[in-house]
Amino acid sequence: MKNNHVINNGINAVNKAINALSNEELTVIGFYHDSLSRPTVEIEHHPKCNKYIATGQATYYRHEGYYRFGQFELAGCRIVWKERDISRLH
């Protein structure tokens, strides 16, 4: 029963995060949740993500090839996105 409570809380957090992201006109492309970690919601890269990075509300956590991955927290969820890192094209 404990897992059910954790999963239910995670689903509620994902729902709140998706509503907040929608209000910011950010597009959700998926989510992941299990009982071991906080929910993760994936969004499409948007120019607002760059603003979040510039203001310290978000951070890049991984670089892979010509891509970099950003993240921030919202409503108890980890929000992530992938973007092309043009600085690595040279």
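The values are calculated or read from the model by the stated rules, or taken from the named source; none is laboratory data. Being a predicted model, the structure only gives us computed values, none of them experimental. Glycine also receives a Cβ, built like all others from the backbone with ideal geometry; neighbour counts cover every protein chain displayed. Note: accessible area is taken over every heavy atom of the protein model, side chains too, but ligands, DNA and RNA are not part of it. Shrake-Rupley method; radii C 1.70, N 1.55, O 1.52, S 1.80 Å.
As an exercise: evaluate VAL14 against (1) open to solvent by less than 90 Å² (accessible area, probe 1.4 Å); (2) touching a Lys or Arg at 6+ places or on another chain (Cβ under 7 Å) and give the number of the one condition it does not meet.
Every listed condition holds for VAL14 apart from (2).
Looking at region 1-21, I want the residues that are within 10 Å of SER35 (Cβ to Cβ) and have a partner that is modelled with pLDDT of 90 or more and open to solvent by 90 Å² or more (accessible area, probe 1.4 Å) with Cβ atoms under 9 Å, at least 6 apart or on another chain. Which pairs are those?
Every condition considered, the pairs that remain are GLY10/ARG38.
Determine the pairs where a residue that is within 30 Å of HIS5 (Cβ to Cβ), located within region 39-61, has a partner that is part of a strand (DSSP E or B) and hydroxyl-bearing (Ser, Thr, Tyr) with Cβ atoms under 8 Å apart, the partner being 6 or more residues away or on another chain.
Final answer for the pair search is PRO39/TYR32; THR40/TYR32; GLU42/TYR32.
Filter region 62-81 for residues that are assigned to a strand (DSSP E or B) and open to solvent by 80 Å² or more (accessible area, probe 1.4 Å); which is nearest to VAL6 (Cα to Cα)?
Here the answer is GLU73.
Determine whether region 46-54 contains at least one residue that is among the charged types (D, E, K, R), open to solvent by 70 Å² or more (accessible area, probe 1.4 Å), farther than 30 Å from SER87 by Cβ and within 15 Å of the chain's Cα centre (by Cα).
Taking every residue of region 46-54 in turn, none turns out to be among the charged types (D, E, K, R), open to solvent by 70 Å² or more (accessible area, probe 1.4 Å), farther than 30 Å from SER87 by Cβ and within 15 Å of the chain's Cα centre (by Cα).
Of the residues THR27, THR40, only one is polar (S, T, N, Q) and surrounded by 15 or more Cβ atoms within 10 Å (Cβ to Cβ); which?
Within the list THR27, THR40, the selection yields THR40.
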